[in-house]
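Single-structure report; data block below.
The values are calculated or read from the model by the stated rules, or taken from the named source; none is laboratory data. Just so you know, these numbers come straight off a predicted model, no measurement behind them. Backbone-built Cβ (ideal geometry, glycine too); neighbour counts: all protein chains shown.
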């Protein structure tokens, strides 16, 4: 049975802003419902969107993909998608996936709506808009690379037998530094091989398969605990 509830409000705070309230779980079974609501807003020219996630317990890669895939269209029409009210578990994954370099988040819906009125840059001032010719994965990676300093110099180099294997390199880097990001793993793999480096989503699924998306599971792995 589906476990999602979605409500839409276009009145109150600012009639130019559409507020979407989501409750439940956003996964491969329910993400389509949320996408249909966002698509309906865009068809009507509603490009200022706040999504209230206070009642969401979990968002899968399919759910995150909905937000990211609509950013280019929304921002090219002087709008934005702002997220509000994330619970700690959802926020933790949001940061580990580095989506904080692409999407703005706010404590409350009121704060997100107010920010539309201020006309602040959609990526927190670091960039003035999404690249026009990048794929979703490239956009996220580029934003992360532009917005922070690499920490690769702090890593302990993986041993020779794992030097080019994406999964083994990723696991070794997490073990050496539980805070390592997907972009840093991707960059390290690119430096180690002249072949096509592992893509952003491939690294994501490597970490997901090994239960290394959450900080606490990374720390347990780094410390040799199960």
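Taken as a whole, segment 106-129 holds at least one residue that is in a loop (DSSP other than H, G, I, E, B) and at pLDDT 85 or above.
Tell me yes or no: at least one residue of segment 89-98 is free of Cβ contacts under 8 Å to residues at least 40 places away in the same chain, outside the structural domain of residue 174 (by TED's automatic domain parsing), touching a strand residue (DSSP E or B) at 6+ places or on another chain (Cβ under 9 Å) and part of a loop (DSSP other than H, G, I, E, B). There is no residue in segment 89-98 that is free of Cβ contacts under 8 Å to residues at least 40 places away in the same chain, outside the structural domain of residue 174 (by TED's automatic domain parsing), touching a strand residue (DSSP E or B) at 6+ places or on another chain (Cβ under 9 Å) and part of a loop (DSSP other than H, G, I, E, B).
Going by the conditions given, is residue 79 within 10 Å of the chain's Cα centre (by Cα), surrounded by 20 or more Cβ atoms within 10 Å (Cβ to Cβ) and either assigned by TED's automatic domain parsing to the domain that holds residue 182 or at negative phi (or both)?
No: the conditions fail for residue 79.
When segment 78-92 is limited to residues that are in contact with a helix residue (DSSP H, G or I) (Cβ under 8 Å, 6 or more places away or on another chain) and modelled with pLDDT of 90 or more, the one that is farthest from residue 29 (Cα to Cα) turns out to be 80.
Would you check if there is a residue in segment 152-165 being closer than 25 Å to residue 90 by Cβ and either within 22 Å of the chain's Cα centre (by Cα) or at pLDDT 85 or above (or both)? Scanning segment 152-165 turns up no residue that is closer than 25 Å to residue 90 by Cβ and either within 22 Å of the chain's Cα centre (by Cα) or at pLDDT 85 or above (or both). Among the conditions (1) loosely packed, with under 13 Cβ neighbours inside 10 Å; (2) at pLDDT 80 or above, the only one that residue 221 does not satisfy is (1).
A quick yes/no check of all residues on (1) part of a strand (DSSP E or B); (2) exposed (fewer than 14 other Cβ atoms within 10 Å of the Cβ):
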position	(1), (2)
6	yes, no
15	no, yes
19	yes, no
22	yes, no
35	no, no
42	no, no
50	yes, no
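Quick check on residue 54: is it assigned to a strand (DSSP E or B), touching a strand residue (DSSP E or B) at 6+ places or on another chain (Cβ under 8 Å) and either free of Cβ contacts under 8 Å to residues at least 60 places away in the same chain or assigned by TED's automatic domain parsing to the domain that holds residue 25 (or both)? In short, yes. For segment 59-73, a residue qualifies if it is touching a helix residue (DSSP H, G or I) at 6+ places or on another chain (Cβ under 7 Å) and more than 16 Å from residue 200 (Cα to Cα), and the qualifying residues are 59, 63, 66, 70, 73.
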